[in-house]
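Data first, discussion second: the structure below is written as structure tokens.
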């Protein structure tokens, strides 16, 4: 598994992983707990357009930037400067924001973390208190494909306690360059080419991409004895590995009667889960599939919950489960 962001792993870090998905009685969307950035309500920032240090190298969107040391005294307000104005969708409060970033300290230009060296952007909820306040207040309203530079005063960053592991003191102003790659919400769907569903013995999945739950039509035949998975819409992203953590939309119904037992669409929250922690049928059905795809996964009892279904769930003993899964992104 690729190394996680330093800021995902330390107390009061920039990012925290919270359970996303529904009540998750089926345990499909568990995520590891991390501490929140702060237990107190952050101040509402006054946003100004500077000063911010100059980007001296890597000035194009997606390039790892080199940022000069801060000159003089930083603003006590939240400084936000759009270096490259994108023309994509607008980032909304509650979205999952996918971004590359580099962070350094104003006074020393010491880089304490960056996603560019990890060769993969980071994904995190924005505007809902799961990142440092400076990010929450600066990035909502920006557009995809924008590069934004931030100078964040201590009270909108890590506060008086700083972040010892990252070498950040409680008096440090933080400088970030952020490339906004994408944004995901409850309206997000798979993107790609439709694939023929010509196996009459497998369920048929709707191909709508309007953010609404697709239909699932279960055939009146015996359920397969082994896990079955197939593209409904084939995306063009990276292939999923067992070590990946995914951001998805999904819907699950019972083979026996076609009744829905679980759905991220119904809960109004995207599902975030580690593929290593889900039922075996999901691991087998999603491994190797491409990000951006909608996938049919049929899970026999042995690879699902067998004779021990989740307590309080509509799933009965020895149920075969049918899922439509939109793989939106790798976390």
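The values are calculated or read from the model by the stated rules, or taken from the named source; none is laboratory data. Treat the numbers as computed from the prediction; the structure is a model and nothing was measured. Glycine gets a Cβ as well: all are built from the backbone with ideal geometry, and neighbour counts include every protein chain shown.
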Restricted to the stretch 270-281 and to residues being in contact (Cβ under 8 Å) with a residue 60 or more places away in the chain and in contact with a helix residue (DSSP H, G or I) (Cβ under 7 Å, 6 or more places away or on another chain), the residue surrounded by the fewest Cβ atoms within 10 Å (Cβ to Cβ) is 279
Of the criteria (1) in contact with a helix residue (DSSP H, G or I) (Cβ under 8 Å, 6 or more places away or on another chain); (2) crowded, with 20+ Cβ neighbours inside 10 Å; (3) within 24 Å of residue 208 (Cβ to Cβ), which one residue 260 fails | (2)
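Matching residues to (1) more than 20 Å from the chain's Cα centre (by Cα); (2) closer than 22 Å to residue 204 by Cβ; (3) touching a residue at least 12 places away in the same chain (Cβ under 8 Å); (4) assigned by TED's automatic domain parsing to the domain that holds residue 124:
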| position | (1), (2), (3), (4) |
| --- | --- |
| 247 | no, no, yes, no |
| 254 | yes, yes, yes, no |
| 261 | yes, yes, yes, no |
| 268 | no, no, yes, no |
| 286 | no, yes, yes, no |
| 299 | yes, yes, yes, no |
| 303 | yes, yes, yes, no |
| 309 | yes, no, no, no |
For the stretch 165-184, pairs from a residue that is on the phi > 0 side of the Ramachandran plot and surrounded by fewer than 24 Cβ atoms within 10 Å (Cβ to Cβ) to a residue that is modelled with pLDDT of 95 or more and outside any loop (DSSP other than H, G, I, E, B), with Cβ under 6 Å and 6 or more apart or across chains, are 167/112
Do we find that residue 220 is closer than 19 Å to residue 97 by Cβ and surrounded by fewer than 21 Cβ atoms within 10 Å (Cβ to Cβ) in this structure?
-> no
Tell me the strands (runs of 3 or more DSSP E) entirely within the stretch 226-331 that contain at least 3 residues that are in contact with a strand residue (DSSP E or B) (Cβ under 8 Å, 6 or more places away or on another chain), modelled with pLDDT under 95 and closer than 25 Å to residue 97 by Cα.
-> 271-274
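For every residue, the table says whether it meets (1) in the same structural domain as residue 153 (by TED's automatic domain parsing); (2) at negative phi; (3) within 22 Å of the chain's Cα centre (by Cα); (4) crowded, with 22+ Cβ neighbours inside 10 Å.
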| residue | (1), (2), (3), (4) |
| --- | --- |
| 83 | yes, yes, no, no |
| 87 | yes, yes, yes, no |
| 95 | yes, yes, yes, yes |
| 100 | yes, yes, yes, yes |
| 106 | yes, yes, no, yes |
| 109 | yes, no, no, no |
| 114 | yes, yes, yes, no |
| 118 | yes, yes, yes, no |
Considering only the stretch 288-297, state which residues are crowded, with 19+ Cβ neighbours inside 10 Å and either free of Cβ contacts under 8 Å to residues at least 12 places away in the same chain or on the phi > 0 side of the Ramachandran plot (or both).
-> 292
